[in-house]
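Everything on this sheet refers to the single structure shown next.
The values are calculated or read from the model by the stated rules, or taken from the named source; none is laboratory data. These figures come from a predicted structure and were not determined experimentally. Because the Cβ atoms are built from the backbone with ideal geometry, glycine has one as well, and the counts that use them run over all protein chains shown. Just the protein is used for accessible areas: all its heavy atoms, side chains included, with ligands, DNA and RNA removed. Shrake-Rupley method; radii C 1.70, N 1.55, O 1.52, S 1.80 Å.
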Amino acid sequence: MHIMTSRGLIPFPQPAVQRLFFLVVAVILPLSQTQRPPHIVFILADDLGWADVGYHGSEIHTPVLDELSASGLRLDNYYVQPICTPSRSQLMTGRYQIHTGLQHSIIWPCQPHCLPLGETLLPELLADAGYATHMVGKWHLGMVRQNCLPTHRGFHTYFGYLLGSEDYYSHNRCVAITGTNITRCALDLRDGDNVARNYCGIYSTHLFTQRAEHIIAQHNPNKPMFLYMAFQSVHSPLEVPKQYTAPYGFIKDARRRKYAGMVSALDEAVGNLTAALRAAGLWDNTLLVFSTDNGGQTLQGGNNWPLRGRKATLWEGGVRGVGFVAGPAVSQRPGVSRDLLHISDWFPTLVRVAGGKTTRSYPLDGYNVWETLSHGTPSPRKEILHNIDPLYRYTPCMCNDEDEIPCAFTSRTPVEFNISMHAALRFHNWKILTGNPGCGKWFPPPHLGSRPKGPEEVLRNDPPMVQLFDIEKDPEERHDVAQDHPDVVSKLLKKLQQYQRGATSPSYPPDDPRCDPGKGAAWGPWRK
Ligand SMILES: *[C@@H]1O[C@H](CO)[C@@H](O)[C@H](O)[C@H]1NC(C)=O
Ligand SMILES: *[C@@H]1O[C@H](CO)[C@@H](O)[C@H](O)[C@H]1NC(C)=O
Ligand SMILES: *[C@@H]1O[C@H](CO)[C@@H](O)[C@H](O)[C@H]1NC(C)=O
């Protein structure tokens, strides 16, 4: 007699232990019978930096994130993309930007573009697998046409905003419309496809959490649920109700203090979400993923110390992400994972967890890392293409007080890789960067002093076109070892060349002034 388990065939034990075995089975079976695909709650924070969570030693208090991550698995070697649209596109498709045409910058409000409609999105495959799919929060994957919107791309329900940033209370976004003298301030908030007008004055962290709590409370526990919770927190503008900054009187830097309050509100929101999951009886079968979308923006209170650079750069401060998984399925081995993981990996991993199939998708760049997360088997990922962006232009002001300035759309022709291109590739312990990776300063958190310490203070204005770092030994990217390892450099340059040969041309169309919704109307689709 044999018994089939998830681990295969187990020979049935001899009579002496049979009774004990039946006893164990009787206790275990009711549990395993309820082992349906887990509810999946994916929490995406916006612009949360490496040094902005308590468990990384931050001066900002994040008791909920600290405890939740300690009960699950902290991802210490986990990578995201350096800016919003790219990370979200990879989460939704499991594919690198060189394969979706989103290599360059973000999708700006008036660009007539969205995540290509031929792509199959994560919620579509989870819906195929029987999930109820809900999204709350920031989309930022384009809105030019109605079929670009979340409810047309696999989400059964949606409540949130379509653009990349806005006011936390009024939910308005102001945009200078190219080719006109108009700066349009208009609402960007939707419930499904409909404009949601009645929420002016409610701080988005509270508003989105309430919506998620409602979804959770209404959910039929017999059906698996996918909730994509894409918080506005903690992206600029720096806005937060006063009570959240109260504990941070000790932070002298005004931006950092406000930002700290925003992180606290986010932390509280995550606590409320898990409480709602518990109250609804869903928590015992939930897989919770927490991730940032990119590194912290030091211009807006965020911090990535001791990592180099910040949001919008290919340095570790831009791409090494805060992330963890929690919930019963992963809590058997709480701790810290050192495995190389990437945001594109969630797509095949979560579809696999859901019992779904990825066969409808174009070829994936993400790996199914479920065995790594649940059983500690080594990650199948050994390499990450951080990006190749042939349209990137560096302006010196980027390192001072300005955000990245988008450059004009130049060419649709695919270009051969060359070392002046803004590109980076991770391969095992090595990371190669070419062209200008973006602002390469080290920004200590304000309370550690306002200036970077050490000889690195004098940074070169003309960085070498090729830089190589041993990230395992030198995660702070302080010692360029390109000269010492010409063989590694040449191997990795060949890889970049190969990637670029397989790339689609970047799509970065000029603004269309017809995006202007007009006075009193809301941002939204403007083309048929
Ligand atoms: C914008 O304003 C300037 C100065 O007032 C004017 O010269 C120009 O014609 C205006 N442009 C448009 C498109 O209205
Ligand atoms: C969390 O729940 C508490 C208690 O209901 C509430 O006062 C607080 O505003 C909530 N916070 C967020 C961020 O939703
Ligand atoms: C290298 O690529 C850049 C685009 O990033 C292009 O402007 C430049 O002309 C290329 N240089 C050569 C030598 O091909």
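So here's what we get for this one:
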read-out	value
Positions within segment 73-97 being over 25 Å from Gln232 (Cβ atoms) and buried (at least 24 other Cβ atoms within 10 Å of the Cβ), in sequence order	Leu73, Tyr96
Residue list for segment 172-209, restricted to those being within 16 Å of ligand 2 (Cβ to nearest atom) and either loosely packed, with under 13 Cβ neighbours inside 10 Å or in a loop (DSSP other than H, G, I, E, B) (or both)	Tyr199, Gly201, Ile202, Tyr203
Among the residues listed as Ala254, Ala265, Ala280, the single one being at pLDDT 95 or above, farther than 20 Å from Asp66 by Cβ and within 16 Å of ligand 2 (Cβ to nearest atom)	Ala280
Criterion (assigned by TED's automatic domain parsing to the domain that holds Val136 and within 16 Å of ligand 1 (Cβ to nearest atom)) met by exactly one of Ala176, Ala186	Ala176
Qualifying residue in segment 211-221 (condition: under 26 Å from the mean Cα position of the chain (by Cα), away from ligand 2 (no atom under 16 Å from the Cβ) and either assigned by TED's automatic domain parsing to the domain that holds Gly281 or open to solvent by 20 Å² or more (accessible area, probe 1.4 Å) (or both))	yes
Residue check, Tyr168 touching a Pro at 6+ places or on another chain (Cβ under 9 Å) and within 16 Å of ligand 2 (Cβ to nearest atom)	yes
Failed criterion for Asp462 (all others in (1) modelled with pLDDT of 95 or more; (2) outside any helix (DSSP H, G or I) hold)	(1)
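Yes/no matrix, rows are residues, columns are (1) crowded, with 24+ Cβ neighbours inside 10 Å; (2) charged (D, E, K, R); (3) in a loop (DSSP other than H, G, I, E, B); (4) modelled with pLDDT under 95:
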position	(1), (2), (3), (4)
Leu29	no, no, no, yes
Gln35	no, no, yes, yes
Tyr55	no, no, no, no
Leu65	yes, no, no, no
